[in-house]
Amino acid sequence: MLSRTADSLYWTGRYMERADFLARILEAAVRLAALPTRDDAAQSAWAGALASSGMKGAFDAGGRTVSEKSVREFLAFAADNPTSIKACLTRARTNARSVRTALTIELWEAINGAWNGLNELGQPSRRDDFVGYLDFVKATALAVEGAASRTMLRNDAYWFLRLGMALERADNTARLLDVKYHLLLPPGERVGGQLDYFQWTTLLREVSALTAYRWVYRGSVRPWLVADLLVLNRQMPRSLASCQGMIVSYLERLATDYGRRGPAQRLASAHLSRFNTARIEDIFQSGLHEYIQAFLKENNALGAAISEQYLA
Amino acid sequence: MTQAFDEMAGDGSGPVREGYHALSEWLRQAPPDLLQARSRQAELFFRRMGVTFAVYGDADSNERLIPFDVVPRIINATEWARLEAGLKQRVGALNAFLQDIYGPQECLRAGVVPAELILTNPQYRPEMQGRRPPGGVWCHVAGVDLVRTGEDGFQVLEDNARTPSGVSYMLENREMMMRLFPDLFADHRVRPVDDYTDSLLGALQASAPPGSGDDPTLVVLTPGPFNSAYYEHSFLADKLGVELVEGRDLFVRDDTVFMRTTEGFRRVDVIYRRIDDDYLDPLTFRPHSTVGVPGLMAAYQAGRVTLANAVGTGVADDKAVYTYMPEVIRFFTGEEPLLSNVPTWRCREPDHLKAVLDRLDQLVVKEVGGSGGYGMLVGPAATRAELEAFRARLIADPGAFIAQPTLNLSTAPTLAGGALAARHIDLRPFVLSRPGAVEVIPGGLTRVALTAGSLVVNSSQGGGTKDTWVLDD
């Protein structure tokens with residue numbers, strides 16, 4: 001396969017995943033902002049969504065101030081935000097279009113259909129229309145993943161697409177956790193209080209994991225168990241450990257198909273082996289924030305190794 | 001302008017023309033809203049599939065659908081047999097002509113074509129002088145534009161011998177029609193077009209350079225997703241089962257072309273390039289072009305790679321050279337041309353220029369190197385100011401122009417505004433050459449001017465397309 005083709009597939013996967021993630025954090029913000037407890041809860045919800053996105057710097061640089069309207073506009077539509085939902089879907093589609101020959105018809109239709117739909121939906125300003133827009137984006141991500149899973153040959157095209165999705169998903173889960181731990185709770189609000197509880201459950205909802213939490217932990221929502229679910233639990237498909245497992249397995253499939261292993265495989269396996277012995281108590285002890293920052297850095301380094309080995 | 005010849009009704013005085021009986025009856029009986037419903041279905045499908053082309057200088061929508069008309073155009077078996085023979089003869093002569101002007105130049109010495117018209121032509125590539133492309137094939141793919149002004153056959157309007165486009169629409173239109181109107185196919189013996197890609201693959205493989213083995217590696221080279229015909233490039237690569245590459249995917253080492261893959265470098269033997277000569281290799285042609293491959297011409301001249309079409313074929317579809325095609329055909333085949341040219345004035349000749357200037361408002365004037373309906377004057381539709389501006393251009397540089405009468409193109413029934421109406425059409429059949437053989441795919445792209453009375457069928461100017469049915473006996 002052409003390196004450029006692999007690169008475009010990988011980025012199609014990453015941008016689709018990111019669009020889905022942004023839709024989820026915006027949906028969570030709409031929920032959090034509706035909470036009646038405190039006046040500044042709404043403001044905090046939108047600040048939290050912005051921080052989760054990792055795009056606060058770009059937001060501030062544009063001279064914006066945090067409000068429901070400005071954050072929604074920036075994360076969903078803004079032309080000057082290179083990873084707004086709209087930009088992500090457009091880039092996913094541009095990448096897919098440049099490698100159409102590597103996609104099945106169903107997969108191309110799912111991606112192209114999403115782009116057509118996006119243009120038809122425009123920029124809804126009413127809150128209910130906006131929620132409909134987010135639903136559309138999430139449904140799109142499901143359709144794309146489903147089309148890929150159901151129609152693509154299990155060859156390198158598929159592995160590169162999935163690799164991009166898994167790497168981006170790991171990055172997004174890590175950011176999400178980090179933001180909750182440090183930013184979301186407004187000053188004066190008690191840890192373990194009602195708002196804190198609501199925020200943790202909302203975070204679980206964001207990643208469609210609230211029911212999963214109940215199944216796994218059989219109790220009320222506790223921060224360290226949420227972290228356990230999203231960091232170490234291998235049953236949870238978007239936990240860091242699960243994403244890392246997927247990354248390793250896709251890289252191994254590539255290595256098998258090509259008959260050659262390289263730095264990307266070695267790096268990914270080394271990361272994964274550390275999850276096998278990790279305990280959430282230890283992670284909290286030495287600081288969840290520090291742990292996540294280190295993970296993000298390693299994830300980036302892995303991305304660079306993949307690019308170097310296959311995509312350049 | 002008088003009533004045009006109609007593909008279905010002829011001059012209107014007699015019965016429906018041969019081949020059109022079943023369609024005519026079907027159109028008469030079809031419920032009024034059926035065609036419109038099918039038309040909407042087709043549009044939705046094309047939009048969903050992204051069957052689009054880009055319009056240059058149109059920032060708002062850089063991707064557009066080419067309007068698709070659901071009423072097919074029919075060519076009966078007798079008509080097609082004549083067309084096919086004429087096209088084979090013409091493209092055969094075209095290849096011989098290219099081989100000659102880049103070789104011994106006998107036709108120039110014999111005065112068949114003025115030597116300075118060839119040797120000073122911007123499309124003439126001195127780099128190819130004395131070279132013979134692998135297998136001796138210059139024009140692997142030609143798209144010859146034909147128009148019809150009456151019962152008695154077709155006339156050639158242009159020989160597109162560089163990188164003719166539109167074949168994906170020929171194939172997609174057929175797919176669409178078979179999906180929308182299976183019954184109609186059951187009532188006709190329509191010759192299939194879908195073996196085009198097999199034929200193209202065969203022609204390209206047969207033209208591979210010596211030493212590339214039994215299974216040469218082919219690629220389609222595109223300028224990229226922003227090119228107007230990008231959809232077609234990806235479509236063809238997909239159907240051929242080969243990589244669609246951009247210049248940056250390729251590199252040249254030791255006069256050999258390689259592509260960058262996830263498994264390392266792989267040798268490339270045949271490049272079906274959809275990039276003009278000028279952009280192929282910045283070391284030989286335009287130095288600032290970034291879509292090409294540095295060193296490609298050296299590899300080509302070393303005979304290590306096939307480029308289809310060959311470098312330098314553009315000189316054969318220059319509009320001034322076109323006017324000499326009848327003589328070229330006679331010279332190289334010893335036969336009379338089976339397909340005629342449209343009568344054309346060569347503005348480079350003073351008496352022709354004078355004749356053109358005298359009746360500018362009745363003529364179509366074209367730039368000799370132009371394509372796609374750009375930079376032309378349609379006299380009868382031009383304002384006084386446009387006519388005067390063009391007159392000045394003609395006088396300043398007469399050699400850059402040819403002129404033709406405004407042709408009363410034939411019409412075909414077309415769905416317009418919810419009802420059937422006659423609209424002007426042309427036809428671009430696709431002709432494939434391989435060493436020792438020329439093949440014509442039974443069909444082609446019928447383009448249709450969707451505006452009543454308009455003669456402009458180019459997709460870049462808002463024209464549409466139809467499926468083209470060549471009937472079996």
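I'm told A:Leu153 meets every condition in (1) farther than 23 Å from B:Asn227 by Cβ; (2) within 14 Å of chain B (Cβ to nearest Cβ); (3) in contact with a Ser or Thr (Cβ under 9 Å, 6 or more places away or on another chain); (4) buried (at least 19 other Cβ atoms within 10 Å of the Cβ) except one. Can you identify the failing condition by its number? Just one mismatch for A:Leu153, condition (4).
In the set A:Ala41, A:Ala6, A:Ala34, A:Ala102, only one residue is modelled with pLDDT under 90 and crowded, with 24+ Cβ neighbours inside 10 Å; that residue is A:Ala102. Within segment B:209-234, residues that are among the small types (Gly, Ala, Ser) reach partners that are assigned to a helix (DSSP H, G or I) with beta carbons closer than 6 Å, at six or more positions or on different chains, in the pairs B:Ser234/A:Arg100; B:Ser234/A:Thr101. Checked against the criterion of being more than 14 Å from chain B (Cβ to nearest Cβ) and under 27 Å from B:Tyr231 (Cβ atoms), segment A:110-124 has at least one qualifying residue. The helices (runs of 4 or more DSSP H) located wholly in segment A:62-155 that include 3 or more residues which are acidic (Asp, Glu) and farther than 30 Å from A:Glu252 by Cβ occupy A:127-151.
B:Arg174 meets the conditions (1) within 14 Å of another protein chain (Cβ to nearest Cβ); (2) surrounded by 20 or more Cβ atoms within 10 Å (Cβ to Cβ) in every case but one. The failed one is (1). Condition check for B:Thr256 on (1) farther than 12 Å from A:Thr101 by Cβ; (2) crowded, with 18+ Cβ neighbours inside 10 Å: one failure, at (2). Candidates B:Gln99, B:Gln123: the one that is under 25 Å from B:Ile275 (Cβ atoms) and assigned to a helix (DSSP H, G or I) is B:Gln99.
Screening B:Leu117, B:Leu94, B:Leu98 for residues that are under 25 Å from the mean Cα position of the chain (by Cα), within 16 Å of B:Val315 (Cβ to Cβ) and modelled with pLDDT under 95 leaves exactly one candidate, B:Leu117.
For segment B:224-253, taking the residues that are away from every other protein chain (no Cβ under 12 Å) and at pLDDT 95 or above, the one that is surrounded by the fewest Cβ atoms within 10 Å (Cβ to Cβ) is identified as B:Arg253. Taking the conditions (1) free of Cβ contacts under 8 Å to residues at least 40 places away in the same chain; (2) farther than 26 Å from A:Thr202 by Cβ; (3) away from chain B (no Cβ under 14 Å) in turn, A:Val221 satisfies each one other than (2).
Just one of the numbered conditions (1) basic (Lys, Arg); (2) touching a strand residue (DSSP E or B) at 6+ places or on another chain (Cβ under 8 Å); (3) free of Cβ contacts under 8 Å to residues at least 24 places away in the same chain is not true of B:Arg286: (2).
Does A:Tyr15 meet the test of being closer than 19 Å to A:Thr140 by Cα, of a type outside the set (Val, Ile, Thr) and within 14 Å of chain B (Cβ to nearest Cβ)? So A:Tyr15 fails the test.
Entry remark, segment A:238-277: residues being under 24 Å from the mean Cα position of the chain (by Cα), farther than 16 Å from A:Ala174 by Cα and not basic (Lys, Arg) number 14 in total. Counting only strands (runs of 3 or more DSSP E) that sit wholly inside segment B:387-439, those with at least 3 residues that are of a type outside the set (Lys, Arg) and more than 21 Å from B:Val70 (Cα to Cα) are B:401-405, B:430-434. Residue-level check: of (1) without any contact (Cβ under 8 Å) to a residue 60 or more places away in the chain; (2) assigned to a helix (DSSP H, G or I); (3) crowded, with 16+ Cβ neighbours inside 10 Å, A:Val216 misses just (3).
Go through B:Gly50, B:Gly10, B:Gly57 for me and flag whichever is surrounded by fewer than 16 Cβ atoms within 10 Å (Cβ to Cβ), at pLDDT below 95, of a type outside the set (Asp, Glu) and on the phi > 0 side of the Ramachandran plot. Criteria check complete, one pass: B:Gly57. Within segment A:244-291, the set of residues being assigned to a helix (DSSP H, G or I) and within 14 Å of chain B (Cβ to nearest Cβ) comprises A:Tyr250, A:Leu251, A:Arg253, A:Leu254, A:Ala255, A:Thr256, A:Asp257, A:Tyr258, A:Ala264, A:Gln265. Condition first: away from every other protein chain (no Cβ under 14 Å) and farther than 20 Å from A:Arg24 by Cβ. Can you find one or more residues in segment A:85-102 that meet it? No, that holds for no residue. All of B:Thr290, B:Thr284 fail the test of being surrounded by fewer than 19 Cβ atoms within 10 Å (Cβ to Cβ) and of a type in the set (Ser, Thr, Tyr), apart from B:Thr290. Number of residues in segment B:8-53 that are under 14 Å from B:Asp187 (Cβ atoms) and in a helix (DSSP H, G or I): the value is 9.
Is it the case that some residue within segment B:261-276 is out of contact with any Phe, Trp or Tyr (no Cβ under 7 Å at 6 or more places or on another chain), under 15 Å from A:Ala102 (Cβ atoms), within 9 Å of another protein chain (Cβ to nearest Cβ) and part of a strand (DSSP E or B)? For segment B:261-276, residues out of contact with any Phe, Trp or Tyr (no Cβ under 7 Å at 6 or more places or on another chain), under 15 Å from A:Ala102 (Cβ atoms), within 9 Å of another protein chain (Cβ to nearest Cβ) and part of a strand (DSSP E or B): present. Residue pairs whose Cβ atoms lie under 9 Å apart, sitting 6 or more positions apart in sequence or on different chains, and linking a residue in segment A:75-92 that is surrounded by fewer than 19 Cβ atoms within 10 Å (Cβ to Cβ) to a partner that is charged (D, E, K, R), are A:Phe77/A:Lys86; A:Ala79/A:Lys86; A:Pro82/A:Arg91. Search segment B:367-385 for residues being at pLDDT below 90 and outside any loop (DSSP other than H, G, I, E, B), and hand back the single one that is farthest from B:Val342 (Cα to Cα). Once the filter is applied, the top-ranked residue is B:Ala381.
The residues on offer are B:Gly292, B:Gly369, B:Gly334, B:Gly303, and the sole one that is touching a Gly at 6+ places or on another chain (Cβ under 6 Å) and farther than 19 Å from B:Val141 by Cβ is B:Gly292. Please indicate, with yes or no, whether at least one residue in segment A:171-184 is at pLDDT below 75, in contact with an Asp or Glu (Cβ under 6 Å, 6 or more places away or on another chain) and not in a loop (DSSP other than H, G, I, E, B). No, that holds for no residue.
Before we move on, is B:Leu307 over 22 Å from B:Gln155 (Cβ atoms), crowded, with 19+ Cβ neighbours inside 10 Å and in contact (Cβ under 8 Å) with a residue 24 or more places away in the chain? So B:Leu307 fits the description; yes.
The values are calculated or read from the model by the stated rules, or taken from the named source; none is laboratory data. Please read all numbers here as calculations on a predicted model, not as lab measurements. For neighbour counting, all protein chains shown are included, and Cβ atoms are generated from backbone atoms with ideal geometry for every residue, glycine included.
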